[in-house]
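Peer 1: Quick one: structure below, then a few questions.
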Amino acid sequence: MKVYRAQEIMKAEEKVSVELNGVSVWIDSVDPEQETAKVHVEDRPADARVVSVGELQEVQ
């Protein structure tokens, strides 16, 4: 995924499905300079981590 798309998804009104290694995640924030995103598994918001935006996949 590209940084601009991760930012669009994060700000979207509707839910956009995103996966990290086959696991559904929410994007909490995006750092365009580092090309990273803070994400968490849908049902575990306290379990957030920072990953490369390139590791995220939008599910169509």
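Peer 1: Which numbered condition trips up Glu35, out of (1) at positive phi; (2) charged (D, E, K, R); (3) under 8 Å from the mean Cα position of the chain (by Cα)?
Peer 2: (3)
Peer 1: Suppose we filter the range 1-26 for residues that are aliphatic (A, V, I, L, M) and either open to solvent by 90 Å² or more (accessible area, probe 1.4 Å) or under 13 Å from Val59 (Cβ atoms) (or both); how many remain?
Peer 2: 7
Peer 1: Taking the range 16-60 on its own, how many of its residues are outside any strand (DSSP E or B), touching a Leu at 6+ places or on another chain (Cβ under 9 Å) and more than 13 Å from Lys2 (Cα to Cα)?
Peer 2: So the count comes out to 0.
The values are calculated or read from the model by the stated rules, or taken from the named source; none is laboratory data. Nothing here was measured: the structure is a model prediction, and the numbers come from that model. Cβ sites come from the backbone with ideal geometry, for glycine too, and all protein chains shown count toward neighbours. With ligands, DNA and RNA removed, areas are computed over all heavy atoms of the protein, side chains included. Shrake-Rupley method; radii C 1.70, N 1.55, O 1.52, S 1.80 Å.
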